[in-house]
Each structure stands twice: as structure tokens, then as C-alpha cells.
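The values are calculated or read from the model by the stated rules, or taken from the named source; none is laboratory data. Source: prediction; values computed, not measured. Cβ coordinates were reconstructed from backbone atoms using ideal geometry, including for glycine residues, and neighbour counts include every protein chain displayed. Just the protein is used for accessible areas: all its heavy atoms, side chains included, with ligands, DNA and RNA removed. Shrake-Rupley method; radii C 1.70, N 1.55, O 1.52, S 1.80 Å.
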Amino acid sequence: RESLRVELQHIQKTQGSTTLFVTHDQVEALTMADRIAVLNKGRIVQIGSAHDIYDRPATVFVAQLVGTPRINLMDAQREDGLLRIKDAPISLPLGEREARIPKLCQLGIRPEDIQPNNEGKFEGQIALTEPLGVETVLHIRTGSQTFLSTTSGIATWRPGENIKFNITQERLHFFDSDGRRV
């Protein structure tokens, strides 16, 4: 499959040809496409570049479809200029975004946007580590929520250890009660 992907990309570029490639494999879609159409039950829910689809998913469906490990999705409530994550001791300042965020919403945070940091603002406990070589997936438990985080290389944290982390707030994803991006 990898060889075919490379060969198809080569043909597209050298021949200047337009190719319609149908796949259920998100890696193929993200690596090969200039433009991607995401379908749900036979209907197009978003069209865009790989960057658009990943960084600005139009719906919860698209957000969950693209990205490995999966996006962190949790219920949240807007209150007094803060977004409070349900069942977790985490509140995030909304700033100028406050006016457009519904009182109740779903918050999406990509795993790479949860970064372990000894001086981090938030705290949790390592529930599980998944060493994958080039990166490690950390399962961080805080309150009754578990967040997935990725860190480069093989991490040294062990289950049960406490960890501090930060959340890249410029890259948060907000979805309304119908699952549409806000």
C-alpha cells in the first residue's frame, strides 16, 4: 500500500493528472490528497485540504475520524469567562471566544496539544503509557476524565505517577450540541 501511495503521488505530480481516490484509511487521505471530501452516511460533511480537515474539523464526526491517537472530546460548560470541563478540575479562560461559545458544548483537544511540563498549570496521574518508538501516548487521568497526550520518543513516566501538563489553548475545538463546529 505504501509503495502504491508513493507511485500514485508520483504519477499525479509528473503527469499533472487529476485522480479520484476513495479510501477509508485516514493516513492515505491525509498524505495523498490536495483536497479531501469527508462523507458520513453518503453525505459530504466537509471538503478541504488535509490541514483544514485536521485543524478545523466541521463536525465531531470529522474530528473523531481524523487523527491518531484520537482527539480528546469532553463535555464542557461556559461560566464566568471560563470553560469548565465536566468531571475534571480543569477550567480554561475563553477571552474573546466567550461570546461565540454556547453555554454547553463539546470541547476537542488534539493529543499533541496536551504537553507534559514540570511547570504545567494542570495536574493528573499517568493511567497508561503506550511507547510507539517515535512517540509515546500518555493516558493522563484528572478527575474522572482521561486525556490522551503525545510526547516525543520513549517517555519515562510510569502508571501511577503524577504529571503536570499544559493545554495549547489556541488550538481548542468547540462543537455545539448538534456536533457542529462553533
Query raised in the report: Name the trypsin sites (Lys or Arg not before Pro) in the stretch 1-40 that are in a loop by DSSP and that have at most 16 other C-beta atoms within 10 Å, would you?
Result: 1, 35
Query raised in the report: Put +1 on the Cβ of every Lys and Arg and -1 on every Asp and Glu Cβ in the chain; which of 74, 127, 105 then has its Cα farthest towards the positive end of the dipole?
Result: 105
**Report entry** Per-residue HN-Hα couplings for the stretch 30-36 [Karplus 6.51, -1.76, 1.60; θ = phi - 60°; Hz; x = Gly/Pro]
**Finding:** 5, 7, 9, 8, 7, 9, 10
Report summary line: On the accessible surface of the chain, probed at 1.4 Å with all protein chains in place, carbon and sulfur together account for a percent value of 50 percent
Query raised in the report: Per the Kirkwood formula on distinct C-alpha pairs, the Rh of the stretch 113-182 is how many angstrom?
Result: 12.9 Å
Query - Column: log10 I(q)/I(0), Debye, Cα scatterers of the stretch 1-77, q = 0.26 Å⁻¹ - result: -1.29
Requested in this report: Mind ranking 137, 6 by accessible surface for me, highest first, 1.4 Å probe?
Outcome: 6, 137
Report task. Working from Cα positions, state the angle (0 to 90°, nearest 10) between the long axis of helix 2-15 and the longest principal axis of the chain. Result -> 60 degrees
Query raised in the report: Under the Karplus relation 6.51 cos²θ - 1.76 cosθ + 1.60, θ = phi - 60°, what is the ordered set of whole-Hz ³J(HN,Hα) values for the stretch 160-165, x standing for Gly and Pro?
Result: x, 6, 7, 9, 9, 8
Report summary line: Rounded to whole Å², per residue accessible area for the chain with a 1.4 Å probe reads 58 Å²
Report summary line: In the stretch 49-124, the GluC sites (Glu not before Pro) that sit in a DSSP loop and have at most 11 other Cβ atoms within 10 Å of their own Cβ are 119
Query - Calculated SAXS-style log₁₀ I(q)/I(0) at q = 0.12 Å⁻¹ - the chain, Debye, Cα scatterers - result: -0.67
Report summary line: The answer for the per residue Cα convex hull volume of the stretch 48-117, in Å³, is 121 Å³
Query raised in the report: According to the Cα gyration tensor, what semi-axes, each the square root of 5 times an eigenvalue, does the equivalent ellipsoid of the stretch 83-147 have, listed from largest to smallest in whole Å?
Result: 25, 13, 12
Report task. Under 15 Å Cα to Cα from residue 121, which aspartates and glutamates show up? Leave out anything in the same chain fewer than 8 places away. Result -> 113
